[in-house]
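Just below is one structure, and these are the notes that go with it.
The values are calculated or read from the model by the stated rules, or taken from the named source; none is laboratory data. Only a predicted model underlies this, so the values are computations on that prediction, with no experimental measurement involved. All Cβ positions, even for glycine, are placed from backbone atoms using ideal geometry, and neighbour counts span all protein chains on display.
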Amino acid sequence: MIGNDNHWLLSAVQNSPDSAAVEYDGHYYTYAEIYETVANIARSLKTLDIKEGSKAAVLAKNQLNFFLLVNAIWISGAVVIPINYRLTENESAELLKNIKPDILIYDSNPVGLDKDIPSVEAEFLFQNNPDKEYTAARFDSSRHAVIILTSGSGGKPKGIVHTFDTIYNSVFSFSEFFNPSEQSRWLASLPLYHIGGFMILCRALLLRHQIKLLPDPTFDRIKKILQEETFDFLSLVPTQLKTLLDENFNPVAKTVFLGGAPAEAGLVNRATELGWNIVKVYGSTETCSMVTALEVYKRRDKINSSGKPMPGCQIAVMQNDKFLPAGECGEIYVKSPSNFVGIFHPERIYRSEEYFRTGDIGFFDNEGFLYVEGRRDDIIITGGVNVSSGEVLKALTKLEYISDAYVFAERDEKWGSRISAAVVVKKDYDIAGTKIKNDLKSLLASYKIPKKLYFLSEIPRNEMGKINLEKLSKLLNQV
């Protein structure tokens, strides 16, 4: 693993200039070749007055473009703000208005451009070769490296700020836990504007692993690659893994990290029995990706857990500021050198606390394995009784004919709130709501059984496997 005392790409060039860093569209690029292009982009950025402390938003669908731009922004001393290229015009406009970047660099359709925000097409930066000397900006590992945008309460995005130190510490923890070979190979299988995908790039760069990048990173494209190639490491969300299993894919990587959303034990068991080496991971944007890991093949008996804390990570289960013993359920807190340093606001950075309050509910067992039971705000109060929507969801997905479900609260005159559920029934079954409720009686107390069921053809999810509540709401209104 390279050190954290110089720009990471520069260190990789100095140590392994002729090693293949990136595979893209059938061509292999060495670190030296990558740096030549990155330095040219950085020279172009300098002519646009992008300097230390500037905020550069990147809207890039092409993964090689994204990788090059991120490194050019970093050696310029600026901060990267990845933008989701799947946003609508209104969403993009509102986002850019809120974050106020110093520049927007785009290779995708630049919807929602704000005339008050300078913007430039990536192709211009690649082709422009200003006759100007360039020296990389001073490297400071405590400097802000990236602001990852993630949805907060009310759906408004919040910017999670990470430094080079927090990213480096996350990769170091990964390296200590998994001890990967320098010859390892990754596929960029998750969106790079999410922390899961962004950290694939960072691990590959810091560990000098080869990474395969795609011009058009759709899951259909990823599936086509996985039919032809295998990798050492692959990150998937549960919906992706389920699709691969349903389409009879053989194991496609030596190690498959599974995270981003809760994974049902049945899915993980099914993959493991077919020879997939699944590692369940738990983490968030705020923790710079994974902070616990469970190598399922080593502990099948712990398949419902999220594993143990990774090196350097301290995890506590607390309630009312008191640490809870094993077996008692409370809120999960994370203290780690990879924790975010603050939340971005255009005028200032709001500092984070030493222990990050995740909002997740869970417990440790007597062997130190963490079990995540759901979200703090997933509690439904019905008739004065607290019910975990996660518990109801778990029961629903145990029914052999349910392929997907979502549990939520609706206003009710009698109960205050009633438990409702949207369900997707497998194609080979013809199931009525009364059967579902009857079958749940052996799994749940009567007051936990959904009062109302909505039958849908699918539960809309984003590319990370998380439910798209806006689309789901529209579907429910149509039922």
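In this structure, is LEU245 surrounded by fewer than 23 Cβ atoms within 10 Å (Cβ to Cβ), under 25 Å from ALA405 (Cβ atoms) and at pLDDT 90 or above?
So LEU245 passes the test.
Tell me, which strands (runs of 3 or more DSSP E) lie completely within the range 348-429 with 1 or more residues that are closer than 16 Å to GLU458 by Cα?
In the range 348-429, the matching strands (runs of 3 or more DSSP E) lie at 402-412, 416-425.
It is to be established whether one or more residues within the range 434-443 are modelled with pLDDT of 85 or more, under 25 Å from THR243 (Cβ atoms) and assigned to a loop (DSSP other than H, G, I, E, B).
no
Report yes if LYS448 is of a type in the set (Lys, Arg) and either under 25 Å from LEU241 (Cβ atoms) or touching a strand residue (DSSP E or B) at 6+ places or on another chain (Cβ under 8 Å) (or both), otherwise no.
Taking the combined requirement at face value, the residue satisfies it.
Suppose the filter is more than 30 Å from ARG299 (Cβ to Cβ), at pLDDT below 90 and of a type outside the set (Gly, Ala, Ser); does GLU373 pass it?
Answer is no for this residue.
ILE148 fails exactly one of the following numbered conditions: (1) closer than 20 Å to ALA78 by Cβ; (2) assigned to a helix (DSSP H, G or I); (3) of a type outside the set (Gly, Ala, Ser). What is the number of that condition?
The number of the failed condition is (2).
Can you tell me which condition GLU264 does not meet? The list is (1) crowded, with 21+ Cβ neighbours inside 10 Å; (2) modelled with pLDDT under 95, and all the others hold.
(1)
If a residue has to be touching a residue at least 40 places away in the same chain (Cβ under 8 Å) and within 30 Å of LEU190 (Cα to Cα) to count, how many in the range 433-461 make the cut?
Residues flagged as touching a residue at least 40 places away in the same chain (Cβ under 8 Å) and within 30 Å of LEU190 (Cα to Cα) within the range 433-461 amount to 3.
Within the group LYS308, LYS298, LYS335, LYS322, which residue is under 30 Å from ALA56 (Cα atoms), modelled with pLDDT of 90 or more and either of a type in the set (D, E, K, R) or touching a Phe, Trp or Tyr at 6+ places or on another chain (Cβ under 6 Å) (or both)?
LYS335
Give the residue that is surrounded by the fewest Cβ atoms within 10 Å (Cβ to Cβ), with candidates limited to residues of the range 57-77 that are among the small types (Gly, Ala, Ser) and more than 21 Å from the chain's Cα centre (by Cα).
GLY77
So, in the range 215-243, how many residues would count as being in a loop (DSSP other than H, G, I, E, B) and of a type in the set (Asp, Glu)?
Matching residues across the range 215-243 total 2.
Which members of the range 171-214 meet the condition of being among the basic types (Lys, Arg) and either outside any strand (DSSP E or B) or at pLDDT below 95 (or both)?
ARG203, ARG208 - these are the residues of the range 171-214 that are among the basic types (Lys, Arg) and either outside any strand (DSSP E or B) or at pLDDT below 95 (or both).
Could you tell me which numbered condition ILE200 fails, if it satisfies all but one of (1) in the same structural domain as ILE343 (by TED's automatic domain parsing); (2) buried (at least 21 other Cβ atoms within 10 Å of the Cβ); (3) within 19 Å of ALA261 (Cα to Cα); (4) touching a residue at least 40 places away in the same chain (Cβ under 8 Å)?
(4)
Can you tell me how many residues in the range 449-479 are part of a helix (DSSP H, G or I) and among the charged types (D, E, K, R)?
3
Out of the strands (runs of 3 or more DSSP E) lying entirely within the range 1-99, which hold 2 or more residues that are among the small types (Gly, Ala, Ser)?
Filter on the range 1-99 gives 20-24, 55-59.
Do we find a residue being of a type in the set (Lys, Arg) and in contact with a strand residue (DSSP E or B) (Cβ under 8 Å, 6 or more places away or on another chain) anywhere in the range 335-350?
There is at least one residue in the range 335-350 that is of a type in the set (Lys, Arg) and in contact with a strand residue (DSSP E or B) (Cβ under 8 Å, 6 or more places away or on another chain).
Considering each residue of the range 156-179, count those that are acidic (Asp, Glu) and over 18 Å from TYR282 (Cα atoms), and give that number.
Number of matching residues: 1.
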